[in-house]
Amino acid sequence: MIEHKPVECWLTDMDGVLVHEEQALPGAADFIRALQHHGRRFVVFTNNSIFTARDLRARLLASGIDVPETCIWTSALATAQFLGDQIAGGSAYVIGEAGLTSALHNVGFVLTERNPDYVVLGETRTYSFEAITRAIRLIERGARFIATNPDATGPSPEGSLPATGSVAALITQATGVKPYFVGKPNPLMMRSALNAIDAHSESTVMVGDRMDTDMISGIEAGMRTILVLTGSTRPDQIGRFPYRPTRVCDSIADVVPLVAEMAGSAAVSE
């Protein structure tokens, strides 16, 4: 048994943990209220780069979950922060939506099709063959290739949709250049989320629904992890991975009492 510091901060994934297809999952609103009641700093994050934090706050609020805009972190925001640190006032050709373009504008990037420093690929509802072709040609001419996240597919009411990872693979196949993915499972995204709330990994817990992104990135960032079974990973799949979450819970409703329990005294790993 390993003794840990009391938990001061929480990171939680959005889709599959708090909501499913924009419907709040049982216990999600109670979980956020518990964090606020106990004065815990927290971030709700998502690999989706389509929406701005303001958009996502409105969507969560419509589901009955009240999350401040400042407590939402997306792969678009993490990507923009990373690029802003790399080249101040850089330029990029972007395939993506408002969440990504506004984040890049906010760090001082110029969006252009003429000799950009980077090609930045994010998620969009409609990938344009013309835009993908332009991205390929710019990368061939020397633009660096960045992608917000490696997710191959995204959900929709009609079934799976091709997402950033699939389109990145197409561009890689055409150019021979692999992108640098900023979002999960890159622990860089977790580190940037921790920095956003001035948190330390040793006193932070991460909640997610996927072993292959949420849990591994949390573990690699040095956090305790809680897997909930309301999203992607099924119970019979957990044992297939060479790493394990600190805890497994049926849903976020089961995590609500842990907010007070893990804040009040040093918790131990199971």
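The values are calculated or read from the model by the stated rules, or taken from the named source; none is laboratory data. Quick caveat, the model's predicted, so the values are computed rather than measured. Every residue, glycine as well, gets a Cβ built from its backbone with ideal geometry; the counts of neighbours run over all protein chains shown.
Of note:
- Subset of region 1-47 (residues that are under 13 Å from I252 (Cβ atoms) and aromatic (F, W, Y)): W10, F31, F42
- Residues satisfying the stated conditions in region 218-228, i.e. surrounded by 17 or more Cβ atoms within 10 Å (Cβ to Cβ) and either among the charged types (D, E, K, R) or over 15 Å from W10 (Cβ atoms) (or both): I219, R224
- Qualifying residue in region 221-240 (condition: touching a residue at least 24 places away in the same chain (Cβ under 8 Å), over 25 Å from G84 (Cα atoms) and of a type in the set (D, E)): no
- Members of region 1-53 found to be touching a His at 6+ places or on another chain (Cβ under 9 Å) and either part of a strand (DSSP E or B) or crowded, with 24+ Cβ neighbours inside 10 Å (or both), listed by number: C9
- Picking from residues in region 103-130 that are crowded, with 19+ Cβ neighbours inside 10 Å and assigned to a helix (DSSP H, G or I), the one that is nearest to the chain's Cα centre (by Cα) is A103.
- Near pairs, Cβ below 9 angstrom, 6+ apart or cross-chain, from region 31-53 (farther than 12 Å from W73 by Cβ and in the same structural domain as E97 (by TED's automatic domain parsing)) to any residue that is buried (at least 22 other Cβ atoms within 10 Å of the Cβ) and of a type in the set (K, R): none
- Taking the listed residues D254, D198, the one that is more than 19 Å from L121 (Cα to Cα), touching a residue at least 60 places away in the same chain (Cβ under 8 Å), more than 17 Å from the chain's Cα centre (by Cα) and surrounded by fewer than 14 Cβ atoms within 10 Å (Cβ to Cβ) is D198, with no other qualifying.
- Total residues in region 1-36, condition of a type in the set (S, T, N, Q) and at pLDDT below 95: 1
- Verdict on R144 being over 25 Å from D13 (Cβ atoms), charged (D, E, K, R) and in contact (Cβ under 8 Å) with a residue 12 or more places away in the chain: yes
- Test: L100 is part of a helix (DSSP H, G or I), of a type outside the set (D, E, K, R), in contact (Cβ under 8 Å) with a residue 40 or more places away in the chain and closer than 25 Å to A193 by Cβ: yes
- Test: residue in region 82-101 that is under 20 Å from R57 (Cα atoms), surrounded by 19 or more Cβ atoms within 10 Å (Cβ to Cβ) and small (G, A, S): yes
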